[in-house]
């Protein structure tokens, strides 16, 4: 008898992709990345997500599909709320839409939550308090406490990226758009993180100024998180995390200034090696537990 499988899907503000897992979370195959900008309305995007899932399933027996979606959302109701980073899916009864298209059990949670859970599952020293941070179209946080995803009283814990600071919200400047704003200030043009990281690798002095400013703001934000939850480890993912080498020093210097726990204890802050795959693994984990 053929074994059953699980599909984990990561839906971001820019791209979406799916991975087929066995029940013990071994990867069978990955879809290609699809771009949200290729679709002009909600039904088109939902149809494309469903097609991607059916393609990656490829006649396998699927037990369920887990979705990592941008927040804020209501995981219990299966609804994406007024997410600022994926307007096509705002106020979408997402799980109902997917069940109607796929005729499969479907589950969802915040993409940053599931990134944290997926990173925790693969972390070599699983600890009491683990934080995942996603840098992308927005700024996401997820927490795993004593091996369990922490969702809060209403399923909306750790939505810290949308909290107000002097420049707007944390994610106004700690995001892909924030990096583009910095590049406009320094280079008089909006550049993407990959281009800036390549320039920094070629010893462009001005790019290091940009990454230092970005690292300082991220460090300030993380110092708040450390002071609040006192984690054992923090994993940083998302596209801009590929430039971790360039901003980690200024980030850590800022954390040292404001977070005593970081000075006195070995809080491991590191770049994720698996990026969006961790969110899909986390999505598979929650599906496996249903």
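Can you pull out the residues in region 62-114 that are in a helix (DSSP H, G or I) and more than 16 Å from residue 14 (Cα to Cα)?
Once the filter is applied, which keeps residues that are in a helix (DSSP H, G or I) and more than 16 Å from residue 14 (Cα to Cα), region 62-114 yields 94, 95, 96, 97, 98, 99, 100, 101, 102, 113, 114.
So is residue 196 assigned by TED's automatic domain parsing to the domain that holds residue 143 and in contact (Cβ under 8 Å) with a residue 24 or more places away in the chain or not?
Yes, satisfied.
Please tell me if residue 153 is surrounded by 16 or more Cβ atoms within 10 Å (Cβ to Cβ), without any contact (Cβ under 8 Å) to a residue 60 or more places away in the chain and not assigned by TED's automatic domain parsing to the domain that holds residue 84.
When the stated conditions are applied, residue 153 does not pass them.
Checking the conditions here, which among 234, 255 is assigned to a strand (DSSP E or B) and surrounded by 16 or more Cβ atoms within 10 Å (Cβ to Cβ)?
234
Here is a list: 147, 161, 138. Which entry is modelled with pLDDT under 95, at positive phi and not assigned by TED's automatic domain parsing to the domain that holds residue 15?
That would be 147, the only listed residue that is modelled with pLDDT under 95, at positive phi and not assigned by TED's automatic domain parsing to the domain that holds residue 15.
Going by what's in this entry, would residue 282 be described as on the phi < 0 side of the Ramachandran plot and surrounded by 22 or more Cβ atoms within 10 Å (Cβ to Cβ)? Quick ask: steps written out before the conclusion?
Numbers: on the phi < 0 side of the Ramachandran plot: yes; surrounded by 22 or more Cβ atoms within 10 Å (Cβ to Cβ): yes.
So residue 282 fits the description; yes.
The values are calculated or read from the model by the stated rules, or taken from the named source; none is laboratory data. Bear in mind the structure is a predicted one, so any value in this text is a computation, not a measurement. Neighbour counts are summed over all protein chains in view; Cβ atoms, including those assigned to glycine, are modelled from backbone coordinates with ideal geometry.
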